[in-house]
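The numbers here are math on the coordinates, done by the rules we state, and not lab data. If you're wondering where the values come from, they're calculated on a predicted model, not measured in any experiment. So basically every Cβ, Gly included, is an ideal-geometry build from the backbone, and we count neighbours across all protein chains shown.
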Amino acid sequence: MKIILLGPPGAGKGTIAKALMAQDGSVQISTGDILRAAVAAGTELGKKAEAAMKAGDLVTDELIMGIMEERLLEDDCKQGYLLDGFPRTIPQAEALRALLARLGEKLDCALELDIPREVIIDRLTTRRTCSNCGEIYNVKSKPPKVEGVCDVCGSEIVQRDDETEEAIENRLEVYNEQTAPLVDFYRNEGLLVSVPTSDLEPVLAAINSRL
Ligand code: ADP
Ligand code: ZN
């Protein structure tokens, strides 16, 4: 499968990507995870991305395309990939289309998780993330067994810098302005599949009806 996951922050793109990955061996490629790892490692890329990320703003299209042009050439992409958090702007979507044409690859679909704003805000403010392995928890619906400690790796669970209320408002605004137009872009490409949920079963049914 070669799928783009669309939807606001907190829509559940990462969770769906992991579930799909477990099904058919496609890799999840999350530009947010790649950037957070670069910031944590203090690389040049991380230094360039850090301030924008902390504020909930987008990093530049140029930086993102540099990452993705390399990433999509790696061997593990041959089995298929789930793009999580990319593309995020019309220029990125156009650059991706050109890149895929060059590589002779075709997307199966762009899956939009169309989730109401209230649900999103509630999810994001209660979300916590493992500082080490990135496992996602929720203080209400998926607390760790021991408070503040990751079930998977035992490291500390934290609230992301960009999950303060102010940064969340900004991320949603950035989504509406810069990323929401991709829904029409992919509808015009004939690739859009839109589901009003992030529950795995209906999402799988919607994807399978396309493959
Ligand atoms: P979210 O949880 O909001 O979906 P991500 O984990 O995908 O966020 O990304 C975190 C941050 O990384 C974004 O707020 C943005 O600063 C940056 N980022 C990730 N992907 C992109 C992209 N494709 N284009 C620009 N910035 C990006
Ligand atoms: Zn962990």
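Contact order normalised by length for the chain, with contacts defined as Cα pairs under 8 Å and 6 or more residues apart; what percent is it? Display every interim value, and only then the final one.
Numbers: 296 pairs, mean separation 62.5, N = 211.
After rounding, I find 30 percent.
Going 7 Å from the Cα of Ser141 in the Cα-to-Cβ direction, what parts of the range 83-108 have a backbone nitrogen less than 19 Å from that spot?
Taking a point 7 Å out along Cα→Cβ of Ser141, the residues of the range 83-108 whose backbone N falls under 19 Å are 85.
Please compute the modelled spin-label separation between Asp184 and Ala101, points set 7 Å along Cα→Cβ, answer in nm with one decimal.
2.1
Set Lys and Arg Cβ to +1 and Asp and Glu Cβ to -1, take the dipole of the chain about its Cα centre, and tell me which of Ala37, Leu96, Ala110 lies farthest positive.
So the residue we want is Ala110.
Over the range 24-74, what is the relative contact order in whole percent, taking alpha-carbon pairs under 8 Å and six or more residues apart? Walk me through the intermediate numbers first.
Working: 21 pairs, mean separation 10.1, N = 51.
Computed value for the range 24-74: 20 percent relative contact order.
How high is the relative contact order of the range 1-118, in percent, with contacts defined as C-alpha pairs under 8 Å that are six or more residues apart?
Values: 138 pairs, mean separation 58.7, N = 118.
Dividing the mean separation by the residue count of the range 1-118 yields 50 percent.
I'd like the distance separating the alpha-carbon centroids of the range 115-172 and the range 5-32, in whole Å.
Here the two parts' Cα centres lie 16 Å apart.
So if each residue of separation counts as 0.36 nm, and I subtract the Cα-Cα distance between Glu44 and Lys78, what length gain in nm does that give? Present the calculation step by step, with values, prior to reporting the outcome.
Numbers: separation 34, 0.36 × 34 = 12.24 nm, distance 2.81 nm.
Length difference between fully extended and current span is 9.4 nm.
Work out Dmax and Rg for the range 1-125 from the C-alpha atoms and quote the Rg first, both in angstrom.
14.5, 41
Dipole magnitude of the chain about its Cα centre, charges +1 at Lys/Arg Cβ and -1 at Asp/Glu Cβ only, in debye to the nearest 20? Present the calculation step by step, with values, prior to reporting the outcome.
Working: 24 positive and 36 negative charges, 72 e Å.
Rounded to the nearest 20 debye, it is 340 debye.
Please go through the residue pairs Lys2/Lys78; Lys54/Lys145; Lys13/Lys47 and name each one whose alpha carbons sit more than 19 Å apart in this structure.
Details: Lys2/Lys78 10 Å; Lys54/Lys145 29 Å; Lys13/Lys47 26 Å.
Beyond 19 Å between Cα atoms: Lys54/Lys145; Lys13/Lys47.
Once a ≥ b ≥ c are taken as the square roots of the eigenvalues of the Cα gyration tensor of the range 141-211, is the result rounded (a/c under 1.5), prolate (a/b larger than b/c) or oblate (a/b not larger than b/c)?
Values: a/c = 3.54, a/b = 1.49, b/c = 2.38.
The shape class here is oblate.
How compact is the range 83-211 by the rule of thumb for globular proteins, expressed as Cα Rg over 2.2 N^0.38 Å?
Against the empirical 2.2 N^0.38 Å value, I get 1.24 for the range 83-211.
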